[in-house]
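The values are calculated or read from the model by the stated rules, or taken from the named source; none is laboratory data. Since we're looking at a predicted model, the values are computed, not measured. Counting neighbours? That spans all protein chains shown, and the Cβs are built from the backbone with ideal geometry, glycine included. Accessible surface areas use protein heavy atoms only, side chains included; no ligands, DNA or RNA. Shrake-Rupley method; radii C 1.70, N 1.55, O 1.52, S 1.80 Å.
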Amino acid sequence: MTEKYNMPDARGHFGIYGGIFVAETLMPAITELNSAYQHYMNDAEFVAELDKDMQHYVGRPSPLYHAERWTKELGGAQIYLKREDLNHTGSHKINNTVGQALLAKRMGKTRIIAETGAGQHGVATATVAARLGLECVIYMGAVDVARQSLNVYRMKLLGATVVAVESGSKTLKDALNEALRDWVTNIDDTFYIIGTVAGPHPYPAMVRDFQAILGREAKAQCLAQAGKLPNALVACVGGGSNAMGLFYPFIDDADVKMIGVEAAGDGIETGRHSAPLCAGRPGVLHGNRTYLMSDDDGEIIETHSISAGLDYPGVGPEHAWLKDSGRAQYVNITDDEALGGFYALTRMEGIIPALESSHAMAYVMKLAPTMKSDEIIIVNLSGRGDKDMQTMARREGIEL
Amino acid sequence: MSRLAGLFAELAQKNRKALIPFVTAGDPNPDFTVPLMHAMVGAGADIIELGVPFSDPMADGPVIQRASERALAHHQSLRTTLAIATEFRKTNGHTPVVIMGYLNPVEIMGYEKFADAVQAAGVDGVLTVDLPPEEAAECAELLKARDVDPIFLLAPNSTPERVKIMDAIGSGYIYYVSLKGVTGAGHLNSAEVETKLTEIRANTKLPLAVGFGVKDAETAKIIGNLGDGVVVGSALIKEIEANLQNPAQAKQAIIGLLTSMRHAMDN
């Protein structure tokens with residue numbers, strides 16, 4: 001790679017992926033958003049305000065933590081955790097919502113909508129809406145409302161209206177459908193904060209750009225602490241925003257391996273999983289072309305994962321491009337393996353990871369022992385596990 | 001060119017407007033649709049829009065979403081929707097059929113195979129809701145080469161530049177959605193529609209079919225006076241939904257509604 005990476009093109013294409021695949025009714029809103037985004041990303045005042053919020057409201061930079069005990073236990077590469085779990089609201093999601101909400105305010109929008117799966121993006125959105133005094137409606141699949149009741153309560157406390165979506169499979173994809181329907185109906189005053197690097201252009205690039213702060217920090221912190229770049233980056237991939245945030249600043253560093261970890265659920269061979277990059281095929285959903293879980297008729301297949309945040313049949317188009325181009329590699333981890341990662345980090349380092357991030361931890365347990373002790377893995381600890389206490393306790397037969 | 005250009009030319013000569021019912025293929029069951037299509041033609045339909053059920057109908061309101069879900073429960077798909085069109089064509093060679101759906105089933109089938117299949121089924125037009133003109137060049141060309149019209153949407157907030165884009169790439173007719181938002185929503189503002197249609201006509205000679213918000217004879221007449229065609233969808237599907245235990249009654253109600261619309265539009 002001699003030329004500097006400069007994806008996507010002006011219409012949001014990453015090779016054949018990405019683009020703008022929406023109904024005509026949404027086109028003006030997308031065009032308006034794209035011009036505002038292009039303008040403000042180069043506006044010194046906007047960037048300064050964003051930097052200030054990242055530092056004082058989100059709590060950035062998040063630490064890059066050398067997990068020495070776990071490293072020793074696994075007996076291979078040095079493991080560094082990018083501590084996005086320490087951000088305000090407990091995950092990387094806030095990096096993006098702070099950015100988009102500032103953009104919404106600049107565009108004069110008074111109402112914020114968002115979709116959410118595990119509820120982390122919903123909480124992060126409700127949080128910034130509360131702070132900026134904006135009306136906030138969160139769409140959440142009815143199944144997710146039931147299994148993430150703690151986050152539903154948090155969103156309501158923050159003043160958001162949570163709408164339980166009863167259509168389709170009643171999970172994240174259906175919440176996204178409903179949010180798109182709301183947006184098209186209320187285009188004039190409403191800003192749709194998409195939570196991941198998917199959707200029509202400019203969302204995949206915009207969300208990546210807001211999340212890339214974590215990758216830039218990790219790069220500088222690794223150079224400062226270890227004196228060199230890492231050998232491998234590991235991050236879980238649902239829609240793929242935490243992974244894109246970590247990978248993006250390293251794309252031109254060809255020696256740094258990038259590994260995305262998808263949710264294999266009960267196992268790829270069972271068909272009950274959420275791993276479109278590993279076991280899906282290209283198609284079009286929610287405004288972009290990407291790898292999808294769809295059947296031979298093109299209907300979207302219902303997904304499965306222990307972690308609601310990875311329970312999505314698509315993936316950001318830039319990941320599809322990075323896969324096809326060979327720049328990144330995508331692997332998968334089952335529910336059971338993820339639980340192994342969850343317990344390992346909890347017991348070895350005293351850090352309880354989110355079930356989503358636990359997939360990345362589980363892959364590190366496989367990868368680290370195959371590497372040398374002078375090599376470095378940075379793994380994104382994208383969120384903390386507090387929201388998963390009910391799920392975990394229930395698995396252990398305990399009612400909280 | 002498909003049957004659509006000839007139809008609109010003929011209607012214009014007679015100073016009549018096209019009545020265009022939309023139903024979801026396979027709703028409430030696969031056997032219901034072909035006889036319904038014939039009956040709708042009998043009640044005065046000029047063009048039939050057949051909805052292809054999709055698992056994630058992002059641009060549709062609750063009524064058409066539920067129609068999709070009912071059809072999908074019977075494994076209705078793009079392939080079986082084309083089979084319905086083929087069956088219809090066996091005994092009706094003149095009424096244009098337009099299929100309307102989402103892009104993913106087309107992507108999975110493959111554009112060329114799709115274009116061949118659509119042509120073989122005797123379909124006249126294809127409207128793919130989430131395929132805007134910027135991304136549609138390849139698919140539109142394949143369809144046009146097979147005398148199938150690629151049909152595009154325009155909305156109240158579409159700019160004159162976008163009208164020109166649709167005019168360049170689209171054929172058959174333009175589907176103007178008269179209200180913002182999803183299908184089946186809101187109320188009709190005829191003055192607003194009239195202003196916008198005049199603005200659109202400045203940049204295209206394609207016939208304008210107007211939909212989203214037509215629910216009875218009165219609204220059909222109002223829209224018929226403004227556009228070249230009147231699309232009615234959710235109002236028909238509501239009749240199916242209200243008579244799930246008795247599809248024959250649903251069919252009768254649909255025919256009744258269309259007959260009253262036809263009458264109102266022609267008088």
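Around A:Leu134, with a cut-off of 14 angstrom between Cβ atoms, what is the net charge of the other residues, counting Lys and Arg +1 and Asp and Glu -1?
Cβ neighbours under 14 Å give a net charge of +3.
Taking every DSSP beta bridge that has both residues in the protein assembly as shown, what percent is antiparallel when rounded to the nearest 5?
Values: 16 of 78 bridges.
Antiparallel bridges: around 20 percent, rounded to the nearest 5.
Which whole-number percent is the relative contact order of the range B:3-266 (Cα, under 8 Å, 6+ apart)? The partial results should precede the final answer.
Values: 493 pairs, mean separation 57.9, N = 264.
That works out to 22 percent.
Describe numerically, in nm with one decimal, the distance between label points set 7 Å from Cα along Cα→Cβ at B:Ala39 and at A:Ala142.
For the pair B:Ala39/A:Ala142, the computed spacing is 3.0 nm.
How large is the accessible surface per residue of the range B:1-42, computed with a 1.4 Å probe and reported in Å² as a whole number? Spell out each step's value before the answer.
Numbers: 1740 Å² over 42 residues.
With the other protein chains kept in place, the range B:1-42 gives 41 Å² per residue.
Students often check this: by mean Cβ neighbours within 10 Å, which of B:203-216, B:20-33 ranks highest, and how do the rest follow?
B:20-33, B:203-216
On a full-extension model of 0.36 nm per residue, what is the gain between B:Asn29 and B:His75, subtracting their alpha-carbon distance, rounded to one decimal in nm?
On the way: separation 46, 0.36 × 46 = 16.56 nm, distance 0.97 nm.
Stretched fully, the B:Asn29-B:His75 segment lengthens by 15.6 nm.
Quick one: compute a quarter of the convex hull surface over the Cα atoms of the range A:171-309 and quote it in nm².
Values: hull surface 40.5 nm².
About 10.1 nm², averaged over all directions.
Going 7 Å from the Cα of A:Arg69 toward and past its Cβ, which residues in the range A:332-370 have a backbone nitrogen under 17 Å from where you end up?
Once the point is set 7 Å along Cα→Cβ of A:Arg69, A:341-353 turn out to lie under 17 Å by backbone N, inside the range A:332-370.
Could you rank the peptides A:146-157, A:89-100 by their average count of other C-beta atoms within 10 Å per residue, with the highest value first? Please list the in-between numbers first.
Values: A:146-157: 18.5, A:89-100: 26.8.
Listed from highest to lowest mean packing, they are A:89-100, A:146-157.
Using R₀ = 35 Å, calculate the FRET efficiency as 1/(1 + (r/R₀)^6) where r is the Cβ-Cβ separation of A:Ser325 and B:Asp216; round to 0.05.
Working: r = 55 Å, r/R0 = 1.57.
E(calc), rounded to 0.05, equals 0.05.
Which FRET efficiency value, to the nearest 0.05, is calculated for A:Ser373 and A:Arg281 with the Förster distance at 41 angstrom and r the Cβ-Cβ distance? Mind showing how you got there, number by number?
Working: r = 40 Å, r/R0 = 0.97.
Efficiency computed from Cβ-Cβ geometry: 0.55.
In square nanometres, what is one fourth of the surface area of the convex hull spanned by the alpha carbons of the protein assembly as shown?
Result: a mean projected hull area of 29.3 nm².
Whole percent per 10 Å bin, from 0 to the bin with the longest distance: what is P(r) over all C-alpha pairs of the range B:3-266?
7, 33, 41, 18, 1
Please compute the average number of Cβ atoms from other chains found within 10 Å of each residue's Cβ in peptide A:297-306. All intermediate terms of the calculation are to be shown ahead of the outcome.
On the way: counts 16, 15, 14, 5, 1, 1, 0, 0, 0, 0.
Counting Cβ atoms of other protein chains within 10 Å of each residue's Cβ and averaging gives 5.
Quick check on chain A: take the gyration tensor over C-alpha atoms, sort the square-rooted eigenvalues as a ≥ b ≥ c, and tell me if it's rounded (a/c under 1.5), prolate or oblate.
rounded
In whole Hz and in residue order, list the ³J(HN,Hα) couplings for the range B:85-90 that follow from phi through the Karplus curve 6.51 cos²θ - 1.76 cosθ + 1.60, θ = phi - 60°; x for Gly and Pro.
Along the range B:85-90, the couplings run 4, 4, 4, 4, 5, 4 Hz.
Bin all alpha-carbon pair distances of the range A:227-288 at 10 Å intervals from 0 and give each bin's fraction as a whole percent.
Spelled out bin by bin, the range A:227-288 gives 20, 40, 30, 9, 1 percent.
Would you tell me the accessible area of A:Met258, worked out with a 1.4 angstrom probe on the heavy atoms of the protein chains, in Å² to the nearest 10?
Result for A:Met258: roughly 0 Å² accessible.
Taking both sides together, what accessible area is buried at the B/A interface, probe 1.4 Å, expressed in Å² and rounded to the nearest 100? Let's see the in-between values first.
Values: alone 11440 and 15180 Å², together 23710 Å².
Using a 1.4 Å probe on protein heavy atoms, the buried area is about 2900 Å².
For A:Asp188, what accessible surface area do you get with a 1.4 Å probe? Give it in Å², rounded to 10.
The value for A:Asp188 is about 110 Å².
What is the Cα centroid distance between the range B:1-79 and the range A:26-99, reported in whole angstrom?
First find each Cα centre; the distance between them is then 47 Å.
Connecting C-alpha atoms closer than 10 Å in a GNM of chain A, tell me which of A:Leu134, A:Leu310, A:Leu26 has the biggest fluctuation.
A:Leu26
Using label points projected 7 Å from each Cα along Cα→Cβ, tell me how many nm separate B:Glu138 and B:Gln13, to one decimal.
The two pseudo-label positions are separated by 4.1 nm.
Please compute the length gained on full extension between B:Ala248 and B:Ser190, using 0.36 nm multiplied by the number of residues separating them and subtracting their Cα-Cα distance. Could you put the intermediate results ahead of the total?
Working: separation 58, 0.36 × 58 = 20.88 nm, distance 3.39 nm.
Here the answer is 17.5 nm.
When a/c reaches 1.5 or more, the comparison of a/b and b/c decides; with that in mind, is the range B:110-267 rounded, prolate or oblate per its Cα gyration tensor? Spell out each step's value before the answer.
Details: a/c = 2.06, a/b = 1.24, b/c = 1.66.
Cα axes put the range B:110-267 in the oblate bin.
Assuming a ≥ b ≥ c are the square roots of the Cα gyration tensor eigenvalues, decide whether the range B:66-196 counts as rounded (a/c under 1.5), prolate (otherwise, with a/b larger than b/c) or oblate.
Numbers: a/c = 1.76, a/b = 1.37, b/c = 1.28.
Prolate.
Give the separation of the Cα centroids, the range A:268-319 to the range A:343-400, in Å.
Centre-to-centre distance over Cα atoms comes out at 23 Å.
Taking each residue of B:72-84 in turn, how many C-beta atoms of other protein chains fall within 10 Å of its C-beta, and what is the average? Provide the component values of the computation, followed by the final result.
On the way: counts 3, 0, 0, 3, 2, 5, 3, 3, 1, 1, 0, 0, 0.
Rounded to a whole number, the mean comes out at 2.
Within 10 Å of each Cβ in peptide A:11-23, how many partner chain Cβ atoms are there on average? Round it to a whole number, please. List each step's numbers first, then the result.
Values: counts 2, 1, 1, 0, 0, 0, 0, 0, 3, 4, 12, 7, 13.
Taking the mean over all residues of the peptide, I get 3.
Starting from the Cα-Cα distance between A:Leu229 and A:Lys156, subtract it from 0.36 nm times their residue separation and give me the gain in nm to one decimal. Before the final figure, lay out each step's value.
Details: separation 73, 0.36 × 73 = 26.28 nm, distance 4.24 nm.
Contour length minus Cα-Cα distance gives 22.0 nm.
List the residue ranges in chain A for DSSP H helices whose C-alpha atoms run 30 angstrom or more along the long axis and whose Kyte-Doolittle average is -1.0 or above. Intermediate values should be presented prior to the final figure.
On the way: long enough: A:203-226 (34 Å, 0.02).
Taking the DSSP H segments of chain A (at least 30 Å long, mean hydropathy at least -1.0), we get A:203-226.
Heavy atoms only, probe 1.4 Å: what % of the accessible area of the protein assembly as shown goes to carbon and sulfur, would you let me know? Could you put the intermediate results ahead of the total?
On the way: 12300 of 23710 Å².
C and S atoms contribute 52 percent here.
Per residue, how much accessible surface does the range A:27-110 expose to a 1.4 Å probe? Answer in Å², no decimals. Before the final figure, lay out each step's value.
Numbers: 3480 Å² over 84 residues.
About 41 Å² of surface per residue is accessible.
So if R0 is 30 Å, what FRET efficiency would B:Tyr111 and A:Asp255 give, r being the distance between their Cβ atoms, rounded to the nearest 0.05?
Numbers: r = 39 Å, r/R0 = 1.31.
Computed FRET efficiency for B:Tyr111 and A:Asp255: 0.15.
As a test, work out the antiparallel percent of DSSP beta bridges whose residues both lie in chain A, rounded to the nearest 5.
Values: 16 of 51 bridges.
If I count the DSSP bridges inside chain A, around 30 percent turn out antiparallel.
Please list, ordered by chain and number, the residues whose modelled amide H lies under 5 Å from the amide H of A:Phe21; skip anything fewer than 5 residues away on the same chain.
So A:Phe21 has HN proximity to A:His201, A:Gly287, A:Asn288.
Ratio of alpha-carbon Rg to the 2.2 N^0.38 Å globular estimate for the range B:25-112, to two decimals, please.
1.07
Normalised by the number of residues in the range A:88-171, what is the relative contact order in percent for Cα pairs under 8 Å and 6+ residues apart?
Values: 131 pairs, mean separation 23.7, N = 84.
The normalised contact order for the range A:88-171 reaches 28 percent.
Do you know the relative contact order of chain A, to the nearest whole percent, from alpha carbon pairs under 8 angstrom that are 6+ apart? The partial results should precede the final answer.
Working: 884 pairs, mean separation 82.2, N = 400.
Computed over chain A, the figure is 21 percent.
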